[in-house]
Amino acid sequence: MKRLPFVPLLALAASCGFYRPDPAGREGELPELGGGETASFRSLADAALEALYSAFPERATADGVHDHDNRLGDWSRAGVDARAASLRRHLRRLEALALDVLPEASYYDALQLISRFRAELFDLETVRSWERDPGHYRRVISDALYPLAALGFAPVERRRGLAEGRLGDVPGLLAAARANLANPPRIFTEIAIEDFGGLLAFVRDGLPQAFGDPKNGEFAEARKDAVEALTAFLAWMKAELLPKSAGAFALGAEAYRTKLLHEEMIETPLDVLLDRGYALLRRTREEMKAAAGARAPEDVLKEAAKDHPPAEKLLDETKALLAELKRWASTVATLPEEDDVRVIETPAFRRSTSFASMQTPGPFETAAKEAYYAVTLPDPGWTEDRKAQHLSFFSRPSLALISVHEVWPGHYAQNLLARHAPTRVRKALGSAAFSEGWAHYTEQLYAESVPAVRLIQLKMALLRVCRYVAALEMHTRGMSVEKATEFFMTEGLLPAAAAEREARRGAVDPLYLVYTLGKAEILRLRDDWRNATGGSLKDFHDALLRAGHPPLKIARMILLEGRRGP
């Protein structure tokens with residue numbers, strides 16, 4: 001789980017935290033702004049963050065804000081409607097700001113807040129993930145429970161009590177899910193069934209292990225009720241929801257354009273983006289031919305794929321890599337002093353769409369220091385051929401590049417540095433294109449330092465380009481999951497099992513293009529910044545990472561253009 005996905009903003013909270021209701025009792029109203037004065041804007045921004053954390057308690061826990069750790073959010077239809085109404089109130093005030101009189105830091109924060117409010121409202125009212133994706137509810141539950149079990153921000157007895165509260169909310173959340181879900185795409189329901197099976201196993205078996213296996217008491221009762229509710233919901237999805245799941249997974253061109261605009265501030269026409277993707281696909285294939293020399297790239301890659309750790313040693317070899325990579329990464333950027341990465345197996349409820357992922361303590365966390373680099377091992381129930389295909393993804397050169405992406409100097413380093421961003425907004429809110437683009441960009445930096453991995457790095461870049469093209473084709477041009485699977489096999493050079501996984505992920509993740517899109521924007525910004533300043537490569541990396549992780553359009557304004565940016 002990356003810590004920097006699209007993070008929605010929502011209804012104003014009148015609870016304790018950054019914002020207090022005014023003495024007149026107009027709860028839910030924002031304080032009036034005093035001519036763009038900084039303190040007034042900060043009050044508005046802090047209220048927005050408290051609203052985020054109040055309505056998304058699992059996000060609060062992940063970010064290190066522990067005021068809402070004992071409950072789940074309200075995803076009843078009434079809760080969704082109230083959130084949308086409050087978002088519109090927020091937007092009216094934000095859009096009425098005289099942005100030009102704000103200090104620069106507040107100016108950038110205001111742009112990001114407006115963009116995120118629009119993105120959240122668009123998701124609630126147009127995309128309607130809460131209505132068309134049963135996996136939405138799995139994410140709410142797993143993202144709420146997993147940090148309580150994994151992050152040592154409080155004694156285990158305290159965290160067990162918090163988990164008890166959240167487990168108690170599971171039956172109500174799943175009742176809301178049954179009422180809300182209407183004609184989801186079949187593939188969404190299929191993936192949700194698989195992931196809910198993993199979540200059920202985690203609640204049934206993983207939570208007792210994490211919290212000392214209490215067999216009696218209120219926690220045990222709450223867990224028992226949650227297991228029963230999850231079991232019943234899983235059976236309902238299989239028996240009733242799946243046969244009725246006939247919706248289209250594709251967003252359509254107009255909705256896709258709007259989603260990309262609000263979440264990433266990208267205004268480039270979709271046709272132009274797609275043309276760039278196909279051109280980059282051709283160029284990457286040509287670079288692979290040059291890197292392979294006299295041999296066919298496919299033959300070299302096939303041979304390299306055989307050199308992988310056995311399943312039982314994959315985690316140990318991954319752990320051994322990290323110290324070496326940190327030494328190299330320190331030449332790329334000024335790294336934080338913190339370092340507490342634990343290499344673990346990917347939790348069962350995330351296995352269906354993840355090969356590897358990184359979970360880092362949030363920007364406001366003061367107690368928990370441990371971070372988790374999760375690697376997906378082969379399922380013991382798979383055929384031997386499928387196990388071999390899966391492990392081929394973790395060839396030793398690939399494993400180094402994956403670890404660069406996830407840990408040093410990729411996601412882990414970036415997330416630690418984001419804790420030192422100059423404003424609360426830039427600490428809390430992130431851009432997927434910035435996050436994934438940076439991590440993908442660091443793979444190229446590593447290959448430039450270690451030429452022996454160049455062909456593997458290009459192969460991984462090819463995969464991201466295929467994701468870029470497939471996302472646009474699947475959601476705006478009618479490409480099916482089956483055709484996308486063929487595309488990943490023929491153009492991305494993936495084996496069948498991996499190609500199918502990529503295509504399935506592309507169906508549920510419309511902005512699957514952010515890896516390549518973000519990397520391209522970072523490379524463009526790098527060239528422009530160095531031409532303008534004459535600074536070194538490391539200077540650029542430090543300046544970029546100090547900006548936090550806003551949309552790259554805002555990062556460009558911070559580093560280069562100032563308010564002259566669009």
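The values are calculated or read from the model by the stated rules, or taken from the named source; none is laboratory data. The model shown is predicted, which means the values in this text are computed figures rather than measured ones. Ideal geometry is used to build each Cβ from the backbone, glycine not excepted, and the neighbour counts take in all protein chains shown. Just the protein is used for accessible areas: all its heavy atoms, side chains included, with ligands, DNA and RNA removed. Shrake-Rupley method; radii C 1.70, N 1.55, O 1.52, S 1.80 Å.
Quick notes
Condition check ((1) closer than 30 Å to Glu500 by Cβ; (2) surrounded by 21 or more Cβ atoms within 10 Å (Cβ to Cβ); (3) not charged (D, E, K, R)) across all residues:
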position: Gln112; (1), (2), (3): no, yes, yes
position: Ser115; (1), (2), (3): no, yes, yes
position: Pro155; (1), (2), (3): no, no, yes
position: Gly198; (1), (2), (3): yes, no, yes
position: Arg204; (1), (2), (3): yes, no, no
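- For region 253-295, the set of residues classified as at positive phi and under 25 Å from the mean Cα position of the chain (by Cα) consists of Met265 only.
- Extreme residue, surrounded by the fewest Cβ atoms within 10 Å (Cβ to Cβ), among residues of region 479-497 that are among the polar types (S, T, N, Q) and either free of Cβ contacts under 8 Å to residues at least 12 places away in the same chain or assigned to a loop (DSSP other than H, G, I, E, B) (or both): Thr490
- Within the set Ala503, Ala532, the sole residue that is within 24 Å of the chain's Cα centre (by Cα) and part of a helix (DSSP H, G or I) turns out to be Ala503.
- Selected residue (criterion: farthest from Leu270 (Cα to Cα)) from residues of region 535-545 that are open to solvent by less than 30 Å² (accessible area, probe 1.4 Å) and either aliphatic (A, V, I, L, M) or over 26 Å from the mean Cα position of the chain (by Cα) (or both): Gly535
- Filtering Gly548, Gly562 for residues that are open to solvent by less than 50 Å² (accessible area, probe 1.4 Å), assigned to a helix (DSSP H, G or I) and closer than 21 Å to His262 by Cα leaves a single hit, Gly562.
- Boolean, Glu384 is surrounded by fewer than 18 Cβ atoms within 10 Å (Cβ to Cβ), within 25 Å of Ser449 (Cα to Cα) and not aliphatic (A, V, I, L, M): no
- Condition met for Arg223 (modelled with pLDDT under 95, assigned to a helix (DSSP H, G or I), basic (Lys, Arg) and closer than 15 Å to Ile141 by Cβ): no
- Region 165-186, subset under 17 Å from Leu241 (Cα atoms) and basic (Lys, Arg), residue surrounded by the most Cβ atoms within 10 Å (Cβ to Cβ): Arg186
- Just one residue in the set Leu148, Leu162 is modelled with pLDDT under 95, open to solvent by less than 20 Å² (accessible area, probe 1.4 Å), touching a Ser or Thr at 6+ places or on another chain (Cβ under 9 Å) and within 18 Å of Phe56 (Cα to Cα); that residue is Leu148.
- Listed by first and then second residue, the pairs linking a residue in region 402-417 that is within 10 Å of Lys326 (Cβ to Cβ) to a residue that is among the aliphatic types (A, V, I, L, M) and assigned to a loop (DSSP other than H, G, I, E, B), with Cβ atoms under 8 Å apart and 6 or more places separating them unless they lie on different chains, are Trp408/Leu335; Pro409/Val332; Pro409/Ala333; Pro409/Leu335; Ala413/Ala333; Ala413/Leu335; Ala413/Val407.
- Residue within region 305-323 that is farther than 27 Å from Gly198 by Cα and outside any helix (DSSP H, G or I) present: yes
- The lone exception for Thr476 - which of (1) free of Cβ contacts under 8 Å to residues at least 60 places away in the same chain; (2) within 27 Å of Ala192 (Cα to Cα); (3) open to solvent by 20 Å² or more (accessible area, probe 1.4 Å) it fails: (1)
- Count of region 236-291 residues, restricted to those that are under 30 Å from Glu120 (Cβ atoms) and buried (at least 19 other Cβ atoms within 10 Å of the Cβ), is 16.
- Lys326 satisfies every condition listed in (1) in contact (Cβ under 8 Å) with a residue 40 or more places away in the chain; (2) open to solvent by 40 Å² or more (accessible area, probe 1.4 Å); (3) under 18 Å from Pro495 (Cβ atoms) except (3).
To keep it simple, each residue is scored yes or no on (1) without any contact (Cβ under 8 Å) to a residue 24 or more places away in the chain; (2) surrounded by fewer than 19 Cβ atoms within 10 Å (Cβ to Cβ).
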site	(1), (2)
Glu303	yes, yes
Ala320	yes, yes
Glu337	yes, yes
Glu345	no, yes
Phe355	no, yes
Pro361	no, no
Phe364	no, yes
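- Enumeration of residues in region 498-526 that are hydrophobic (A, V, I, L, M, F, W, C), open to solvent by 10 Å² or more (accessible area, probe 1.4 Å) and over 14 Å from Ile266 (Cβ atoms): Ala498, Val508, Leu523
- Residue count, region 476-511 (criterion: farther than 17 Å from Phe393 by Cα and among the charged types (D, E, K, R)): 6
- Residue ID - nearest to Thr268 (Cα to Cα), chosen from residues in region 454-473 that are among the β-branched types (Val, Ile, Thr) and open to solvent by less than 10 Å² (accessible area, probe 1.4 Å): Val469
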